[in-house]
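The values are calculated or read from the model by the stated rules, or taken from the named source; none is laboratory data. In this text the structure is predicted, and so the values were computed from the model without any measurement. Note that each Cβ is placed from the backbone with ideal geometry, even for glycine, and that neighbours are counted across all protein chains shown. The accessibility values were calculated without ligands, DNA or RNA, using every heavy atom of the protein model including side chains. Shrake-Rupley method; radii C 1.70, N 1.55, O 1.52, S 1.80 Å.
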Amino acid sequence: MLDFYSIKDEQITPNSPTGLEFIGQIDDNTFRNLKTKGIIDKCYDYYSDFRWNSKTILQIRQNSTKSSIQEDTDIKQLNELLDLAENRKSGIIAFAD
C-alpha cells in the first residue's frame, strides 16, 4: 500500500512519516488506474516516495472532476485524500511501504 500523509507546503520533506498525520492509502491497482485515466501524472511511481503541494493537488482535482468520470470508484478514493489535504490547507506526501 501507498500511505498518504498531510504535510504543509512550506515544511521540509522528512525521510519518514514520523510526526505526520496519516490521511489514507491507495493500493497498486487503484494507483495504476488513476495514472491510466490521466488523473495522476505518469511521472509518479507507486514504489517511490513523492510529494504533492497544494498547487499539484488543485491540478489533480481538476483532472478528477471531468463529468464523465466523477462516479469512478478509484477517483472517489483519491478525492477523499484530496479533501482531507484541502481541509487541512496542506499538501500530501506519500510513502511506499
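Key figures for this structure:
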read-out: Residue among 69, 57, 75, 92 that is modelled with pLDDT under 95 and open to solvent by less than 10 Å² (accessible area, probe 1.4 Å); value: 75
read-out: Residue 89 more than 14 Å from residue 1 (Cα to Cα), free of Cβ contacts under 8 Å to residues at least 24 places away in the same chain, assigned to a loop (DSSP other than H, G, I, E, B) and in contact with a Lys or Arg (Cβ under 9 Å, 6 or more places away or on another chain); value: no
read-out: Search result, residues across the stretch 19-51 that are over 13 Å from residue 63 (Cβ atoms), free of Cβ contacts under 8 Å to residues at least 40 places away in the same chain, surrounded by 15 or more Cβ atoms within 10 Å (Cβ to Cβ) and not polar (S, T, N, Q); value: 31
